[in-house]
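Down below is the structure, laid out as structure tokens.
Nothing in this text is a laboratory measurement; each read-out follows from the coordinates by a stated rule. The model shown is predicted, which means the values in this text are computed figures rather than measured ones. Reconstructed Cβ throughout: ideal geometry from the backbone, glycine too, with neighbour counts over all protein chains shown.
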Amino acid sequence: MTYLSTLVQFLDQNLASSGYDDSSQNGLQVEASRQDIVKIGLAVDSGLSVLEKAVSAGCQMLIVHHGLFWKNSPNLSGVMGKKVRTLIEGNCSLYASHLPLDGHPELGNNAEIVRLLGAKLSTPFCYSGQKTIGYVGEFSEPIN
């Protein structure tokens with residue numbers, strides 16, 4: 001069994017979340033009362049339907065690329081309030097990683113897309129400040 005604090009520490013350290021100048025509030029955005037993590041969901045966005053599906057699937061944590069909270073986040077009313085209530089009542093914590101997930105050479109979405117295309121991760125390109133947020137992929141043979 002993994003505990004929420006252990007998982008958050010692992011993600012924060014490995015994604016170097018604090019090192020990015022990002023409009024997203026990276027890291028643990030919503031902490032549910034359940035601290036033991038058995039099932040994790042992964043999604044790009046934190047839309048209400050995604051949160052509801054994570055809860056109905058029994059996830060204790062959802063890791064997303066686009067979280068709920070950004071630099072100028074709205075109040076916790078209306079749809080935003082419903083999203084947070086869905087997570088809390090469903091005992092599902094929410095962790096967001098925007099630019100850190102773009103830039104990570106192993107866990108990142110860009111690096112994984114390069115690998116899924118059958119290319120080799122080559123050199124970084126595209127930066128946010130001094131931080132990499134994209135990678136070049138090189139194929140061993142030309143493809144159409």
For the chain, longest principal axis from Cα atoms; helix 78-89 axis from its Cα atoms; angle between them, nearest 10 degrees, is 80 degrees
Taking the chain as the reference, fit the longest principal axis to its C-alpha atoms, fit the long axis of helix 4-15 to the helix C-alpha atoms, and give the angle between the two in degrees, 0 to 90, nearest 10. 30 degrees
So what does log10 I(q)/I(0) come out to for the range 53-123 at q = 0.13 Å⁻¹, using the Debye formula with one equal point on every Cα and no solvent? -0.52
Magnitude of the charge dipole, the chain, Cβ model with Lys/Arg +1 and Asp/Glu -1, debye to 20: 360 debye
With the convex hull built on the Cα atoms of the chain, state its orientation-averaged projected area in nm². 10.1 nm²
Filtering chymotrypsin sites (Phe, Trp or Tyr not before Pro) in the range 84-144 by DSSP loop and by at most 15 other Cβ atoms within 10 Å leaves 139
Dipole of the chain (Lys/Arg Cβ +1, Asp/Glu Cβ -1, origin at the Cα centre): which of 57, 105, 6 lies farthest to the positive side? 57
Loop trypsin sites (Lys or Arg not before Pro), the range 1-79 (other Cβ atoms within 10 Å of the site Cβ: 13 or fewer; DSSP): 39, 71
